[in-house]
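Undergrad: First, the structure itself, so that you have it in front of you.
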Amino acid sequence: MEVDELMCLPRLPRVAVCGGTHGNELSGVYLVRELLKVEKKAVEEEEEPVSVMIVLSNPRATQQCHRYVDTDLNRCFTHATLNGPISDTDPYEIIRSRELNALLGPKGSRQAVDLVCDLHNTTANMGMCFITYSDCDWICLHIFRHLQKEIPDIPMRFIHFDVSNKESYSLDSVGKHGFAMEIGPQPHGVVRSNIYTAMKGGVQHMLDWVRLFNSGAIFRGGFVDVFTMVKHIDYPRDSVTHNITAAIHPHLQDRDFCLLHPDDPLFQTFSGETLRYKGKEPLYPFFINECAYYEKGIALSLARKRRVMIPSIRVETEQEQQANHQQYSSEDEN
Amino acid sequence: MSSYNNTARLTEARRVAIFGGTHGNEMSGVTLVNLWMKNSDEIQRKGVEAKPFITNPKAVEKCTRYVDTDLNRAFTPENLSAPAGDELPYEVQRAQEINKEFGPKGSPEAYDVIFDLHNTTSNMGCTLILESSKDLFNLQMMNYIKKAIAPASCLVLLNEHPLLKYSTSRSVAKHPVGLEVGPQPQGVLRSNIFEAMRVILKHALDFIELFNEGMEFPSCTVEVFRVSERIDYPRDANGNIIAMVHPNLQDCDWEPLNPGDPMFQTFDGKTIHYQGSGTVYPTFINEAAYYEKQQAFVTTRRETLVASAIRKA
């Protein structure tokens, strides 16, 4: 593919901004609350060229200021869970995931919103990250590049989880395009003004980009560094109690995205011993010491970095859309 | 400075407890106490019975601050004297059990010293919490610890305020000592924070051993930060927070806050300034657990306390 090649993509008329998917990740909770106040006022004005839905994903967990009530909402969006048998005794978050799928999806259908931006915080020192399932969703990659340009003082990375659409499990997978906007470090249950401001700016610039895109602007292609998740590493644990027996090593703590080489320190046991990285390949660590991942058996995640070339893009014209519509309607997925 | 006429003779401090998990998601204390329950070599000292103890096991298991109610507010006279029963909130039952084992509070049978291990999301560094300005033993111990870890810093927070003081787990002992180390997110174990707490406890136990062996500690002065006022977040008519700790104040625990300085920032970017009458020293700035207690930070005033010399009786 040539850098000069111009790709035409369908309009993005409907965007959803979701916060409080984890009820104790407060930047998103407060930002959604603020955006909902403004949304109430703007409801009479038709929002051209994009309509924005603001959603508080997990109201009960938000009210309790917990990550979740019964189960992690952001793992409840697989096709299997969304379309599985319904029961009165289903966990709260499974019921909620189906409600959100009805509101923003159905996942995989033509009625799904065009773009989902799901707001998250992490206790890890990750700056701002986009997390997606695809390394070739040009919409998400261009939005990322736009934010890098517009907010140059915040470190920004693009993370890709190589998970098929069939297995994708998070809220952002419900829209035709979607990504999680993950910002840290922020303790759960706390809102830090610098982190909130970064998230607010990120959402604003994202919406500005969508408006520009829908209005016909051309976005020049180029290169984006993409971090693709390779594996997770768990804490060393006691074989009987399963309690952790070491903490992230002080040399690794807060060094998200600093290349980890074979033999670099990983953990420090409570008796002071250093445990080292035994992998053969240098990889980029992230989600280092994320609170919510202790129970998922993840002390840190590791990624490979590669440069992805993205094409120039602009929105399809109406004629181009008509021509393509013939083609798409015969390719409907369920 | 030493005044040999005024050496206070105090009973030896033989029974010492180390509490972890009073808040189940404050991980340094949980980890240290679990470690020492498995192997207590590190906390052994001649003439000292040091007992590590998990105060809120259910909260620790769920990695949550508390199950029904905050254990570290539960040691009120009403709770401790209430008729025992399963209908009582879990933490009130726990408070009664702890009071029985380590108290009773206010009685001669109570433990001599209790160290209660806590973490905070605030950038407080190492902080020792004192409940009485007249506790000579604690003042001398805190002075010893501060000197031992210098040039690293360990500040003393004095909470003797009649309205803001609260009934802590450690208050069951004759000499209650709070250890607060931050910043650390709830549910997270940071190795630097863990090691810092461990070092403070090492010096504290060293002091008790020396004291019990008969060492005299000369008169000293101790700088403390005395709790003055609790400042809440600005809220709307429905009680929702409408502003955040200002970026200029965030992480500036123990630094002077002057009238007119930025204090809060509304969600749409406006600054709210501190309107007090004089300079204060804020702490517990943006502690996660205090949103529900209507506290964005507390103000303190700097004070120098004098502790007379002490020696075992």
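Undergrad: When you scan the stretch B:34-49, how many residues do you find that are in contact with a Phe, Trp or Tyr (Cβ under 8 Å, 6 or more places away or on another chain) and open to solvent by less than 70 Å² (accessible area, probe 1.4 Å)?
TA: Final tally of qualifying residues: 2.
Undergrad: Take the stretch A:180-202 and flag every residue that is among the β-branched types (Val, Ile, Thr) and either facing chain B (nearest Cβ under 8 Å) or free of Cβ contacts under 8 Å to residues at least 40 places away in the same chain (or both).
TA: First, the residues of the stretch A:180-202 that are among the β-branched types (Val, Ile, Thr): A:183, A:190-191, A:195, A:197.
Hits for the stretch A:180-202 are A:190, A:191, A:197.
Undergrad: Here is a follow-up. Surrounded by 19 or more Cβ atoms within 10 Å (Cβ to Cβ), at pLDDT 95 or above and more than 14 Å from chain A (Cβ to nearest Cβ): does that describe residue B:241?
TA: Values: surrounded by 19 or more Cβ atoms within 10 Å (Cβ to Cβ): yes; at pLDDT 95 or above: yes; more than 14 Å from chain A (Cβ to nearest Cβ): no.
Criteria not met by residue B:241.
Undergrad: Has the stretch A:173-192 got at least one residue that is open to solvent by 40 Å² or more (accessible area, probe 1.4 Å) and of a type in the set (Ser, Thr, Tyr)?
TA: If we filter the stretch A:173-192 for residues that are open to solvent by 40 Å² or more (accessible area, probe 1.4 Å), which is where we start, we get A:176-177, A:185, A:192.
Narrowing further to those that are of a type in the set (Ser, Thr, Tyr): none.
Within the stretch A:173-192, none of the residues are open to solvent by 40 Å² or more (accessible area, probe 1.4 Å) and of a type in the set (Ser, Thr, Tyr).
Undergrad: What number of residues within the stretch A:108-122 are out of contact with any His (no Cβ under 8 Å at 6 or more places or on another chain) and surrounded by fewer than 21 Cβ atoms within 10 Å (Cβ to Cβ)?
TA: Here the count works out to 3.
Undergrad: Next up: Do we have residue A:8 as open to solvent by less than 50 Å² (accessible area, probe 1.4 Å), over 24 Å from residue A:105 (Cβ atoms), in a strand (DSSP E or B) and at pLDDT 95 or above here?
TA: On the way: open to solvent by less than 50 Å² (accessible area, probe 1.4 Å): yes; over 24 Å from residue A:105 (Cβ atoms): yes; in a strand (DSSP E or B): yes; at pLDDT 95 or above: yes.
It is true that residue A:8 is open to solvent by less than 50 Å² (accessible area, probe 1.4 Å), over 24 Å from residue A:105 (Cβ atoms), in a strand (DSSP E or B) and at pLDDT 95 or above.
Undergrad: Out of the stretch B:92-148, which residues are within 19 Å of residue B:43 (Cα to Cα) and over 18 Å from the mean Cα position of the chain (by Cα)?
TA: Passing the criteria: only B:148.
Undergrad: Now, a different point. If residue B:260 meets every condition in (1) surrounded by 16 or more Cβ atoms within 10 Å (Cβ to Cβ); (2) of a type in the set (Gly, Ala, Ser); (3) away from chain A (no Cβ under 14 Å) apart from one, which number is that one?
TA: Result: residue B:260 fails condition (1) only.
Undergrad: I've got another one for you. Considering only residues of the stretch B:103-144 that are under 20 Å from residue B:301 (Cα atoms) and polar (S, T, N, Q), which is surrounded by the most Cβ atoms within 10 Å (Cβ to Cβ)?
TA: Checking each candidate, the answer is B:122.
Undergrad: Hey, another quick one. Kindly indicate which of B:100, B:46, B:38 is within 14 Å of another protein chain (Cβ to nearest Cβ) and out of contact with any strand residue (DSSP E or B) (no Cβ under 9 Å at 6 or more places or on another chain). Working first, answer last.
TA: On the way: B:100 fails: within 14 Å of another protein chain (Cβ to nearest Cβ); B:46 fails: within 14 Å of another protein chain (Cβ to nearest Cβ).
Exactly one residue qualifies, and that residue is B:38.
Undergrad: Scan the stretch B:263-283 for residues that are in contact with an Asp or Glu (Cβ under 9 Å, 6 or more places away or on another chain), within 12 Å of chain A (Cβ to nearest Cβ) and either of a type in the set (A, V, I, L, M, F, W, C) or at positive phi (or both) and jot them down.
TA: Result: B:267, single match.
Undergrad: A further question follows. For the structure I just gave you, tell me whether residue B:71 is crowded, with 22+ Cβ neighbours inside 10 Å and touching a residue at least 60 places away in the same chain (Cβ under 8 Å).
TA: Numbers: crowded, with 22+ Cβ neighbours inside 10 Å: yes; touching a residue at least 60 places away in the same chain (Cβ under 8 Å): yes.
Spelling it out, residue B:71 is indeed crowded, with 22+ Cβ neighbours inside 10 Å and touching a residue at least 60 places away in the same chain (Cβ under 8 Å).
Undergrad: Assess whether residue B:218 counts as being within 13 Å of chain A (Cβ to nearest Cβ) and in contact with a Ser or Thr (Cβ under 8 Å, 6 or more places away or on another chain). Full working, then the answer.
TA: Numbers: within 13 Å of chain A (Cβ to nearest Cβ): no; in contact with a Ser or Thr (Cβ under 8 Å, 6 or more places away or on another chain): yes.
So residue B:218 fails the test.
Undergrad: Within the stretch B:221-238, how many residues turn out to be more than 14 Å from every other protein chain (Cβ to nearest Cβ) and open to solvent by 20 Å² or more (accessible area, probe 1.4 Å)? I'd like the intermediate steps shown before the answer.
TA: Initially, the stretch B:221-238 is screened for residues more than 14 Å from every other protein chain (Cβ to nearest Cβ), giving B:221-232.
Filter once more, keeping what is open to solvent by 20 Å² or more (accessible area, probe 1.4 Å): B:221, B:223, B:226, B:228-232.
Of the residues in that region, 8 qualify.
Undergrad: While we're looking at this one, here's another question. Looking at B:201, B:210, can you tell me which residue is within 14 Å of chain A (Cβ to nearest Cβ), out of contact with any strand residue (DSSP E or B) (no Cβ under 6 Å at 6 or more places or on another chain), farther than 26 Å from residue A:26 by Cβ and among the hydrophobic types (A, V, I, L, M, F, W, C)? Steps first, please.
TA: Details: B:210 fails: within 14 Å of chain A (Cβ to nearest Cβ).
Step by step, each of B:201, B:210 is checked, and only B:201 is within 14 Å of chain A (Cβ to nearest Cβ), out of contact with any strand residue (DSSP E or B) (no Cβ under 6 Å at 6 or more places or on another chain), farther than 26 Å from residue A:26 by Cβ and among the hydrophobic types (A, V, I, L, M, F, W, C).
Undergrad: Which condition number in (1) surrounded by 23 or more Cβ atoms within 10 Å (Cβ to Cβ); (2) closer than 30 Å to residue A:274 by Cβ is the one that residue B:169 fails?
TA: (2)
Undergrad: OK, next. Can you tell me which of B:16, B:30 is surrounded by 20 or more Cβ atoms within 10 Å (Cβ to Cβ) and in a helix (DSSP H, G or I)? Walk me through it before giving the result.
TA: Values: B:16 fails: in a helix (DSSP H, G or I).
Only one candidate passes the filter, namely B:30.
Undergrad: Also, I was wondering about something else. Within the stretch A:238-285, count every residue that is without any contact (Cβ under 8 Å) to a residue 40 or more places away in the chain, open to solvent by 60 Å² or more (accessible area, probe 1.4 Å), within 14 Å of chain B (Cβ to nearest Cβ) and of a type outside the set (S, T, N, Q).
TA: 4
The values are calculated or read from the model by the stated rules, or taken from the named source; none is laboratory data. Quantities reported herein were computed from a predicted structural model and do not represent experimental measurements. Backbone-built Cβ (ideal geometry, glycine too); neighbour counts: all protein chains shown. Side chains included, ligands, DNA and RNA excluded: accessible areas come from the protein's heavy atoms. Shrake-Rupley method; radii C 1.70, N 1.55, O 1.52, S 1.80 Å.
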